[in-house]
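Worksheet for the structure shown next.
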Amino acid sequence: MVDSYKHKGMRQKLVNSIRSKGISDEGVLSAINKIPRHLFLDSSFLEFAYNDKPFPIGSGQTISQPYTVAVQSELLKIKKGTKVLEIGTGSGYQACVLEEMGAKVFSVERQKKLFVKTRDFLKKIGYQAKVFYGDGNKGLKAFAPFDRIVITAAAPEIAEALLDQLKPGGIMVVPFGSGRIQSMIRITKQADGEIIKEYFGDFSFVPLLKDKAND
Ligand code: SAH
């Protein structure tokens, strides 16, 4: 589990590139600067780990593009102690970025193999994020309500259960749509329960599926 000067140098370049694409939240940028993304990939080829690109992580899934992780993290407006529910743990990278920003992270993954692998990996590298195996559309009732909810897969609809588990004043960030391209939407739940939606550009995610998968 080596993190060399070369890795650190490449990370700094990645951060510069993400900053130049418009990310200004210093908490996001310093988290990306700190986390050894190459450890989240099966193959640690540097050019893959620190390019601003998504990458396959097994079980037919991908680790999101760093810029996309940065956009979602910035839209969430994380402060120290913010309680976040992530749907789609994947490699665990997004969860670690949020944790570095001060969030208390709960994350749900529907693929059993990926869930076990990532849960064990996060523990090994010293992150506290709590990872669960299940269908994220149902949220995590036992730990609700949440200050923030982030969906890291393309959602064709927004499950009522998730809106219910969002605190009044809370924010949910979701790539919304069923086609190849989705709209990044920020949903703010007002104190009176009213929902405000804002649009932040087009992105492409793997689909949010229904139910658990035992593979
Ligand atoms: N946040 C991840 C990237 C996730 S890719 C990272 O930082 O690496 C999307 C993930 O969502 C995949 O791992 C996929 O298995 C998972 N997923 C898809 N549908 C789901 C559902 N209904 N509940 C929970 N996870 C789901």
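The values are calculated or read from the model by the stated rules, or taken from the named source; none is laboratory data. Being a predicted model, the structure only gives us computed values, none of them experimental. Reconstructed Cβ throughout: ideal geometry from the backbone, glycine too, with neighbour counts over all protein chains shown. We work out accessible area using only protein heavy atoms, side chains counted, and drop any ligands, DNA or RNA first. Shrake-Rupley method; radii C 1.70, N 1.55, O 1.52, S 1.80 Å.
Some notes on this structure:
- Residue in segment 157-166 that is open to solvent by less than 20 Å² (accessible area, probe 1.4 Å), away from the ligand (no atom under 11 Å from the Cβ) and assigned to a strand (DSSP E or B) present: yes
- Within segment 126-137, if we keep just the residues that are within 14 Å of the ligand (Cβ to nearest atom) and closer than 13 Å to GLU100 by Cα, the residue that is surrounded by the most Cβ atoms within 10 Å (Cβ to Cβ) turns out to be ALA129.
- Cβ pairs under 6 Å, 6+ apart, first in segment 75-99 and at positive phi and open to solvent by 10 Å² or more (accessible area, probe 1.4 Å), second in a loop (DSSP other than H, G, I, E, B) and hydroxyl-bearing (Ser, Thr, Tyr): GLY88/THR152
- Checking SER30 against (1) surrounded by 13 or more Cβ atoms within 10 Å (Cβ to Cβ); (2) more than 17 Å from the chain's Cα centre (by Cα); (3) polar (S, T, N, Q), the condition it does not meet: (2)
- Cross-chain or 6+ apart pairs with Cβ under 6 Å, segment 11-31 first and part of a helix (DSSP H, G or I), then buried (at least 17 other Cβ atoms within 10 Å of the Cβ) and small (Gly, Ala, Ser): ILE18/ALA70; VAL28/ALA70; VAL28/SER73
- Among the residues making up segment 79-98, a single one is away from the ligand (no atom under 12 Å from the Cβ) and either among the small types (Gly, Ala, Ser) or in a helix (DSSP H, G or I) (or both): GLY81.
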